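A short worksheet on the structure shown next.
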């Protein structure tokens with residue numbers, strides 16, 4: 001699919017395509033800089049979930065480094081979604097696995113996501129093309145709602161923290177209180193983690209939030 005199909009996200013496409021052209025399939029080519037924190041970021045992203053035997057959806061998958069991280073955890077299947085041509089071509093050549101699938105699409109335009117057990121989002125909302133901050137949050141809320149509908153267990157997302165005083169003009173720094181409010185509008189059972197990274201945070205949302213009124217505990221682990 002040609003990049004001109006994605007009229008709503010031209011700057012995002014340009015940003016990541018140019019990074020990949022310059023740096024290739026590296027952390028810099030994915031917009032993460034050079035500090036080598038990807039493995040820890042994935043550990044934080046997946047920390048609440050028992051992954052063995054589950055199907056995983058990677059929303060904004062890039063070159064699918066997350067799939068490589070998940071393979072030793074004996075997942076059932078993996079589906080990535082991304083719309084950058086160079087990312088998708090590289091990932092498909094890299095992972096000819098039977099449990100690997102990749103959907104080339106704009107996540108904001110997809111009416112629904114593939115059904116899965118757990119959805120994960122790493123860095124997808126760091127660059128956004130919306131005309132205003134409010135529209136950025138509307139897009140995030142739309143994606144979170146679609147993940148809630150498509151997942152059987154839950155989902156996790158990391159964001160850049162707006163508490164930092166250092167800003168890069170091209171990046172979006174999401175207010176954690178706003179994101180938490182969006183998450184709590186989807187499920188009562190959420191967790192937000194600020195302690196691993198000073199300039200990032202991760203939110204985890206459980207899709208089932210029923211509780212036992214006798215014990216005042218959630219009924220799903």
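Among all positions in the range 128-135, there is at least one residue which is in contact with a helix residue (DSSP H, G or I) (Cβ under 7 Å, 6 or more places away or on another chain), free of Cβ contacts under 8 Å to residues at least 12 places away in the same chain, surrounded by fewer than 19 Cβ atoms within 10 Å (Cβ to Cβ) and over 28 Å from residue 77 (Cα atoms).
If you check residue 159 against the conditions, is it surrounded by 16 or more Cβ atoms within 10 Å (Cβ to Cβ) and in contact with a strand residue (DSSP E or B) (Cβ under 6 Å, 6 or more places away or on another chain)?
Working: surrounded by 16 or more Cβ atoms within 10 Å (Cβ to Cβ): yes; in contact with a strand residue (DSSP E or B) (Cβ under 6 Å, 6 or more places away or on another chain): yes.
Yes.
Each row is one residue, and each column tells you yes or no for (1) in contact with a strand residue (DSSP E or B) (Cβ under 8 Å, 6 or more places away or on another chain); (2) on the phi > 0 side of the Ramachandran plot; (3) crowded, with 17+ Cβ neighbours inside 10 Å; (4) modelled with pLDDT of 95 or more.
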{"site": "15", "(1), (2), (3), (4)": "no, no, yes, no"}
{"site": "24", "(1), (2), (3), (4)": "no, yes, no, no"}
{"site": "40", "(1), (2), (3), (4)": "no, no, no, no"}
{"site": "53", "(1), (2), (3), (4)": "no, yes, no, yes"}
{"site": "72", "(1), (2), (3), (4)": "no, no, no, yes"}
{"site": "75", "(1), (2), (3), (4)": "yes, no, yes, yes"}
{"site": "80", "(1), (2), (3), (4)": "yes, no, yes, yes"}
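What about residue 162, is it under 20 Å from residue 84 (Cβ atoms) and either over 15 Å from the mean Cα position of the chain (by Cα) or without any contact (Cβ under 8 Å) to a residue 24 or more places away in the chain (or both)? When the stated conditions are applied, residue 162 does not pass them.
Taking the range 165-195 as the range and being surrounded by fewer than 17 Cβ atoms within 10 Å (Cβ to Cβ), under 17 Å from the mean Cα position of the chain (by Cα) and touching a residue at least 60 places away in the same chain (Cβ under 8 Å) as the test, only 191 passes.
The values are calculated or read from the model by the stated rules, or taken from the named source; none is laboratory data. Quantities reported herein were computed from a predicted structural model and do not represent experimental measurements. Glycine also receives a Cβ, built like all others from the backbone with ideal geometry; neighbour counts cover every protein chain displayed.
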